[in-house]
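Each value in this text was obtained by applying a stated rule to the coordinates, not by laboratory testing. Everything numeric in this text was worked out from a predicted model, so none of it was measured. Positions of Cβ are backbone-derived with ideal geometry, glycine not excepted, and every protein chain shown enters the neighbour counts.
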Amino acid sequence: MNSMEKDTRLIGREALAKLFAQWLGEGRRILAPKQSNDKVDFAEVETPGEVSLDPVQTGQSPKGALFPRVEELFSFPSRDGRVELRERDLAALKPTVVFGLRPCDAAALAALAAIFNWDSADALFSARLAALTTVGVACNRCDEYCFCTSLGGGPGATTGSDILLTDMGGGEYLAEVISEKGRQAIQGAGTLFQPALGKDKESRLARVEKAFDLDKVKPALEALFDDEAFWVEQSLRCLGCGACAYVCPTCACFDIQDENGRRLRCWDSCGFGLFTLHTSGHNPRPLQSQRWRQRLMHKFSYMPERQSVLGCVGCGRCSRACPVDMNILEHLRAVAEAKP
Amino acid sequence: MQALRSKARELLATKTVQVIIGYASGGGGRARAVFVREAAKADALVFDDSCQQNLAVYFSKPEVRKLGKAALVATPAALRAILQLAAENQIAEGELLALAVGGDDVVPLATFAAIEAHVAARDGDWSAAEKEELQKYEAMGLEERRRFWEEQFSRCLKCYACRAACPLCYCTRCTVECNQPQWIPVPAHDLGNLEWNVMRAMHLAGRCVDCGDCGRACPVNIPLHLLNRRLIREVFTVFGSRSGRSAKGDNALSTFKPNDPEDFIQ
């Protein structure tokens, strides 16, 4: 088959269960949205029955599959005064299928990769990414926090998914096989699929209205940079916690900690005052308003400039998780419409 | 709501205060904090059951302090927070006007004595649902309780939303931010999460005003307020005191008295 030709098929729920079994048999682990207590988040599953695709979005993003909240980069145990350097065994990382991520989360992988492989390739991140297969599920519902279409994405967008499923109703999914990894994930499973016979996913997709003009955001941000009053006003109720950064599928800031002979990479957030505190005691961003500005600048100005990719995919998680109802969509609209 | 709005308009028009820290309608049926500085914008203020955030938390935010003298739309928990902040020398008499809300009424409370009297007159026990929640938790055996918290803390992201949302967590530099020495492990692994969450709860023992904002703020829904409630009960049982009732209160766990009956401390 020509790689440019669209490979679209149908798969039923029972066949999907067999596909899950095949993946497990191949030694892959499957991460998918799973209900636990009162939250649905990515966790290991073995059958499609454990997967919960009911919520518009999971509470946390799937970025932990590539960038865990704590991970050992290498270790340096010492014995009798001698220090040994132990690299991570990258071959031991388990091949992983992330199932049920939304198109926005799939798009976020490019932003993460752009950061981790910016000036030099991050070996651990790249090894995890190479071992990762993404089986997205298109959105047939959205909520007031979603704004993927304002950023070039969409509820049925295929970017970043190796396979994209769309729930066609009646226990049937339309499966678009997007990449070579996607083809490999269904190798030998051809009988589980039926021909799609002209089925079209469009009518099944959520309608996410465009909320602002993205072209205006970057120049507006740059013009507003020194407008202290604007940023103070925008962020008055922000309390400076890291909830937004930690649920974000693209936020990639980290802290390095040495602990018992292990070097650890831990999530960090530019929203924390400590993030930029210098040893001298000087802090170039002493106020929350400056840190909130940094959050928007990094995602919508610095990343497009340096990495040619947006640092936001419009998933709306930060707005849903914010304890004080900071809503990034409202703030972007305010930026796009500001008259500096 | 009308009483609140007209009071706000009056306070701003007469320049009694420069800002009203209150609630406005937010997204998804939630309320959010609003900082009203013009009488003409007082109609943004709302007060209903969705208004749960303890707005006293904003008193320690530099950008909010810069707005000038504030009137704070205060739930009972916010009034207790103001008294506790006063007891800890974080708010001086006359620095803040409390607008006590509840029902359709709004009661301006200008002095700590007035807030103390207002709180005392309406002080009650936990609701039946709150008691039941705590009883269910206390009924667990020691081992079961340990497993309960292990599971809860395993989800902790160390985003510190609990700290940020707490009006009594006003330290400009938290213990977790001190790294010479590093008292609390930074990574959000089991030990780091246990130490952080236990330290947070213990630092608030005898100081927590029981607003529940720590648990409400948590993006992974850890019922952090249960730890605080348990400690509130403990402190009350041992010391007979409840925080947030007096502007001059001693803090049970950070007050030294020369005539302390315990030998070990002398």
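Put simply, when A:171-180, A:49-58 are sorted by average Cβ atoms within 10 angstrom per residue, most first, you get A:171-180, A:49-58. For chain B, the extents of the C-alpha atoms along the principal axes are 57, 49, 44 Å, listed from largest to smallest. Taking a Cβ cut-off of under 11 Å around B:I20, the surrounding Lys, Arg, Asp and Glu residues balance to a net charge of +4, with basic ones at +1 and acidic ones at -1. Using a Förster distance of 25 Å, how high is the FRET efficiency between B:R146 and B:R173, based on the Cβ-Cβ distance and rounded to 0.05? Computed FRET efficiency for B:R146 and B:R173 comes out at 0.20. The ranking of B:Y23, B:Y137 by Cβ neighbour count inside 10 Å, starting from the fewest, reads B:Y137, B:Y23. The charge dipole of the protein assembly as shown, taken about its Cα centre with unit charges on the Cβ of Lys, Arg, Asp and Glu (plus for the first two, minus for the last two), comes to roughly 600 debye.
Here the convex hull built on the C-alpha positions of the range A:266-340 has a volume of 142 cubic angstrom per residue.
Taking the number of Cβ atoms within 10 Å of each Cβ as an exposure proxy, the fewest-first ranking of A:K199, A:K299, B:K136 is B:K136, A:K199, A:K299. Take each peptide in A:84-93, A:39-48, A:69-78, count the other Cβ atoms within 10 Å of every residue, and average; sorted highest first, the result is A:39-48, A:69-78, A:84-93.
Ordered by the count of other Cβ atoms within 10 Å of each Cβ, fewest first, A:Y145, A:Y302 give A:Y302, A:Y145. The angle separating the long axis of helix B:2-13 from the principal Cα axis of greatest extent in chain B is about 70 degrees.
Taken over the alpha carbons of the range B:2-122 as equal point scatterers, the Debye sum produces base-10 log I(q)/I(0) values at 0.16, 0.18 Å⁻¹ of -0.69, -0.89. Projecting the Cα positions of B:L227, B:P181, B:F148 onto the charge dipole of the range B:128-239 (unit charges on Cβ atoms of Lys, Arg, Asp and Glu, taken about the Cα centre) puts B:P181 furthest along the positive direction. Counting, for every residue in B:29-37, the Cβ atoms of other protein chains within 10 Å of its Cβ and taking the mean gives 3.
Near B:N221: Cβ cut-off under 10 Å, other residues only, Lys/Arg at +1 and Asp/Glu at -1. The net charge is +2. Computed per residue of chain B from DSSP H runs no shorter than four, each worth -39500 (n - 2.57), the mean residue ellipticity at 222 nm is -11500 deg cm²/dmol.
Ordered from longest to shortest, the equivalent ellipsoid semi-axes for the range B:128-239 are 23, 17, 13 Å, each the square root of 5 times a Cα gyration tensor eigenvalue.
Based on the reciprocal of the average 1/r between different C-alpha atoms, the Kirkwood radius for the protein assembly as shown equals 26.5 Å. Note on B:E88 and A:F225: the model spin-label points, each 7 Å out from Cα along the C-beta direction, lie 3.8 nm apart. Of the peptides B:78-91, A:184-197, the order by per-residue mean of other Cβ atoms within 10 Å, starting with the highest, comes out as B:78-91, A:184-197.
Axis of helix B:128-138 versus longest Cα principal axis of chain B: the two differ by about 20°, to the nearest ten degrees.
Per-residue mean of foreign Cβ neighbours for B:178-187 is 3 (Cβ atoms of other chains, 10 Å radius). Taken along the Cα-to-beta-carbon direction at a fixed 7 Å, the label points for A:L73 and A:K18 span 4.7 nm. For peptide B:163-170, the mean count of partner chain Cβ atoms within 10 Å of a residue's Cβ comes to 3.
For B:E116, neighbours were defined as the other residues whose beta-carbon sits under 14 Å from its Cβ, and their charges (Lys and Arg +1, Asp and Glu -1) total +3. The alpha carbons of the range A:183-340 occupy a box of 65, 53, 31 Å along the principal axes, longest dimension given first.
Using the structure shown, select from A:K18/A:K94; A:K34/A:K201; B:K7/B:K41; A:K6/A:K199 the pairs with a Cα to Cα distance greater than 23 angstrom. Result: A:K34/A:K201 exceed 23 Å. Quick note on chain A: its Rg to Rh ratio, both from C-alpha atoms and Rh being the Kirkwood radius, is 0.99. The length gained on full extension between B:A117 and B:T255, counted as 0.36 nm times the residue separation minus their Cα-Cα distance, comes to 47.3 nm. Using alpha carbons only, the radius of gyration of the range A:210-289 set against its Kirkwood radius gives Rg/Rh = 1.05.
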